[in-house]
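The values are calculated or read from the model by the stated rules, or taken from the named source; none is laboratory data. Worth saying up front: this structure is predicted, and the values here are computed from it rather than measured. Because the Cβ atoms are built from the backbone with ideal geometry, glycine has one as well, and the counts that use them run over all protein chains shown. Quick note on the areas: whole protein, heavy atoms, side chains included, nothing else; ligands and nucleic acids left out. Shrake-Rupley method; radii C 1.70, N 1.55, O 1.52, S 1.80 Å.
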Amino acid sequence: AVDAELVPIQVTPAELANHVAGADGLITTSQPVTAAVIEAMPNCRGIVSASIGFDHIDLAAATARGIKVANVPDFCIREVANHTMGLLLACVRKIPRLNADTHAGKWDRTVFQPMAPIHGETMGLISFGRIARQVAKRAQAFEMNVIAYDPYVDAATAADFGVELVSLEDLLRRSDYVSVHVPRTPETINMIGAAELAMMKPTAMIFNTGRGGVIDEAALAAALRSGQLAGAGLDVFAHEPIEPDNPLLGIETAI
């Protein structure tokens, strides 16, 4: 056992620096660990992100101070994969709309349409890491075809999971459902913008349980409002908590 005192803190991001001055280490899930927070911890030797993603930690500032940063690469893999399928089913089966209508005393069967079956349709996975591989298993259990785009994975590895590796453009054009699982890095910010969304079928839906900022939210809102896309299920946003003027708010086909 490590002879250490564990001090839980529940503060806003702006208040964090004022509460960590004496810390030898810091464990966080999503709280931003900025350069100012790191500077406020002169004795800090390690920062742990109790999650897979670590884009909320200023790695450059930590490195400059010689502070080691670690993450938990197998955190909530199945739970996130399950949530992806939950969002897909909620969108395809129109569960939130039908539930709200029923509670409000409405009984309009026209809102069901269109409601396609998902068996035989194509799920496209952007990134084929641990979570995406669990999503693939679940999509296959629903009798869906699964394709994936990941420049860091070889075709043989994807084939081991019964998944075809394709280009990003091919994935966007072929998929009925696109599920995004990339981390947020300079390479992936807004990697799905207006041009990419325009490649998708008008009946297609997109899901993001990875990181906010990977899909251009203004472009996605425009595609949903115009009917260029049939729906979206989002667990993450570019700014969290979601801002009240986010263009996706109020769009019925966005969950």
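Data table
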| read-out | value |
| --- | --- |
| Estimated distance in nm for a label pair at residue 235 and residue 36, the labels positioned 7 Å out from Cα along Cα-to-Cβ | 3.0 nm |
| Residue-normalised accessible area of the chain, given per residue in Å² at a 1.4 Å probe | 54 Å² |
| Cβ-based net charge around residue 112, under 12 Å, with every Lys or Arg adding one and every Asp or Glu removing one | +2 |
| Global form of segment 139-202, assessed from the alpha-carbon gyration tensor, a/c cut-off 1.5 | oblate |
| Crossing angle, helix 130-141 versus the chain [Cα axis fit, 0-90 degrees, rounded to tens] | 20 degrees |
| Kirkwood Rh, angstrom, segment 21-72 [1 / mean 1/r, Cα pairs] | 10.6 Å |
| Nearest-10 value in Å² for the accessible area of residue 91, using the 1.4 Å probe | 10 Å² |
| Largest-first ordering by accessible area, 1.4 Å probe, given options 128, 112 | 112, 128 |
| Rounded to the nearest 10 Å², the accessible area of residue 184 at probe 1.4 Å | 80 Å² |
| Computed FRET value (nearest 0.05) for residue 110 with residue 15, which takes r as the C-beta separation and R₀ as 51 Å | 0.55 |
| Inter-probe distance in nm under a simple model that places probes 7 Å from Cα toward Cβ, at residue 4 and residue 63 | 2.3 nm |
| Shape metrics for segment 57-201, restricted to C-alpha atoms - Rg then Dmax, Å | 18.5, 62 |
| Mean separation of Cα contacts under 8 Å (6+ apart) over length of segment 42-148, as relative contact order % | 24 percent |
| Rounded tilt (10° steps) of 77-92 against the dominant C-alpha axis of the chain | 30 degrees |
| Nitroxide proxy distance, nm - points 7 Å out along Cα→Cβ at residue 95 and residue 27 | 3.1 nm |
| Euclidean distance of C-alpha centroids, segment 215-255 and segment 73-139, integer Å | 16 Å |
